[in-house]
Every structure is written in C-alpha cells, then in structure tokens.
1. Hey, can you tell me all the residues within segment 251-269 that are surrounded by fewer than 17 Cβ atoms within 10 Å (Cβ to Cβ), in contact (Cβ under 8 Å) with a residue 12 or more places away in the chain and in a helix (DSSP H, G or I)?
2. Tell me which residues, restricted to segment 28-52, are farther than 22 Å from residue 185 by Cα and assigned to a strand (DSSP E or B).
3. Select, from 210, 225, the only residue that is assigned by TED's automatic domain parsing to the domain that holds residue 11, within 26 Å of residue 32 (Cα to Cα) and not in a strand (DSSP E or B).
4. Could you tell me which numbered condition residue 248 fails, if it satisfies all but one of (1) part of a loop (DSSP other than H, G, I, E, B); (2) exposed (fewer than 15 other Cβ atoms within 10 Å of the Cβ)?
5. Please specify each residue of segment 275-329 satisfying the condition of being touching a helix residue (DSSP H, G or I) at 6+ places or on another chain (Cβ under 9 Å), modelled with pLDDT of 75 or more and surrounded by 13 or more Cβ atoms within 10 Å (Cβ to Cβ).
6. Identify the residue in segment 179-204 that is more than 22 Å from residue 22 (Cα to Cα) and surrounded by 15 or more Cβ atoms within 10 Å (Cβ to Cβ) and, among all such residues, is farthest from the chain's Cα centre (by Cα).
7. Among the listed residues 135, 120, which satisfies the condition of being over 30 Å from residue 260 (Cβ atoms) and surrounded by 18 or more Cβ atoms within 10 Å (Cβ to Cβ)?
8. Could you look through segment 230-245, keep only residues that are in contact with a strand residue (DSSP E or B) (Cβ under 8 Å, 6 or more places away or on another chain) and closer than 15 Å to residue 17 by Cβ, and pick out the one that is surrounded by the most Cβ atoms within 10 Å (Cβ to Cβ)?
C-alpha cells in the first residue's frame, strides 16, 4: 500500500504590503487513487463515497460531473495532452471528518510508468465555494530537495487581500520517500509577496495509524475555516489591509462557481421568465453551474449564445434595469420578511 498519513504543519507568510505570519499543526493524507476501494474495505474508520468518520467522495474533486476521481483527472489531463503518460496518482488532501471538510488546496501527483513525476494537478477552493484547477506540466530546473518545480500565472481569486495579478512558483519534494514539503511562492512582478509551506512526516495508512491520528488531533480537520476567518479578521481590523472584491471567473479551468444566494436565485428566475417569452430566434445560455438552457424557438430566426460567469449578472444587467430595485434594496426587503 502506498497511501500514507502525513503529520506536520502549514505555514503562511505575507511580506507585502504588511508582514504577517502564522503556523498551525495539521495532518493530511496521501491516497493512491487506485487503492481507495481497498482502503474502504480494510479500514473500518474510512469510507469511499459513503459516510464514515473519515471519508473521500468523488464529488468533492475536479469536474462537477459524474465519474470517479481518476476518470475525471484523466479527462483533465487528456485536454492538456498528458493523459496517456500517467500510470499512478497520489492525492494529497484533507479527507472529510465526520462528513465535514473544507479543503483550500489538494495536490494530484501524477507518475509515469517509470515512476517519475510527470506533472502535478492543483485543485484550489476558495471560501466563496469556487474551485479552480492548475495543471503543472512544464517543469523548471529541479532545486535541491525539490524534484518537482513549476510555475503558472495566477488565474483565480483566493485571498480578499490580494488581487488576481501575479504568478505562482511551486516546489514539491518526493513524497514517496516519506517526507512531504510543498513550497509555494506568490510573486507580483519581481516582488515575492507571499509564501505558503506544507510539511509533514509520513506513517503508513492503516486502521491503527488513522485511529491514532484522530485521537491526537480530534479538532484539526474542523479548525481550517475558523482559522482562515481569524487570520482574515486580524489582517482587516488589526493591520487595516484593503479588500479586493472578488471578480467574476475568467478561466475555463475555474470548474465550479459560487452557489447563488437568495438575491441571485430571484434574479435568475426573473431573467429566465423573461426569456421564455421569446417568439423568434433562440438564445442558448450556459449558467455558472455549467447547466445549458436554450430559450426561444430554434430554427425560427437568428441564434446566439451567452455564457454567464457571475451570478451578480442577473441583477446588475437585468433585474435592476427592469424593476429599478438594487441588490442592496432587495436584501433590505428580504431581511424584513
């Protein structure tokens, strides 16, 4: 069995525009994707696509469509031309803990038939419910202790205290040697503005090691979100950092969008109701949840397509124009009911 538990720590260090650093103890898993069904059978505390104290569910990873994690990963890699080279995959992630998890980032280590690291796929989740996929396949010169070395442009809104500019540099240790060390440098221009580091030492993943880890760290899995909110509060109210409002996704690799709130759902209903009155032509709309709906009468006139990437669209471009009600006013009325 190649699957492991890593016990270690996560560190964030911000260098600009103010200095801020924190470090927390953490445990996380490295799952050989091919071993998930066997782990489900042999470890009583673990479940694959079912509720257990510790579990992994296909729906929490990669594309929002049917299929297991490996098949969805293969589809992503095939689009980038790497699928045929991949033999095994190790997923470094936080599992569900009593059916709860918030996973800021997960890493898919993709190996060829020669056991060499071919690429790394990074899944990033933000607190808005969005998910973005970075495929790191064009490696840079290895660094001492880091055989995996990649860079990519930032294309996803994560922290409210940074905009979407800049680039990431990723450095990965060889996790199959039992030590995990992932180093992420975030640069804006020539300046290093943020560093994140994930480190841990491995134990074989079995019933005994899983139980021991849960007993020693009973709350670690549920503290991720409170810790994020605590540090965000410190940055905003102690260090007075300005906030960058989240802009709509611009990349096709942002594979999951934020779920709509009450205002957005009302706007979408009004928007869709208006379009059902079309008598000539047709309009195909792809909504932020990737669902596609065609309005009008295909073949009766001109056709057009529209991709809605931001749920604020319904109010800012339609509902406010036709009703004169702003989102703030609607929220005021909604909260009074």
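1. Listed by number, the list holds a single entry, 262.
2. 29, 30, 31, 32, 46, 47, 48
3. One residue alone meets the criteria, 210.
4. Of (1) part of a loop (DSSP other than H, G, I, E, B); (2) exposed (fewer than 15 other Cβ atoms within 10 Å of the Cβ), only one is false for residue 248: (2).
5. Matches in segment 275-329: 283, 285, 287, 295, 296, 308.
6. Taking the candidates together, the pick is 203.
7. Just a single option satisfies the conditions, and that option is 120.
8. Filtering segment 230-245 for residues that are in contact with a strand residue (DSSP E or B) (Cβ under 8 Å, 6 or more places away or on another chain) and closer than 15 Å to residue 17 by Cβ, the one surrounded by the most Cβ atoms within 10 Å (Cβ to Cβ) comes out as 235.
The values are calculated or read from the model by the stated rules, or taken from the named source; none is laboratory data. For clarity, every value in this text was computed on a predicted model and none was experimentally measured. Here Cβ is always computed from backbone atoms with ideal geometry, including for glycine, and neighbour counts include all displayed protein chains.
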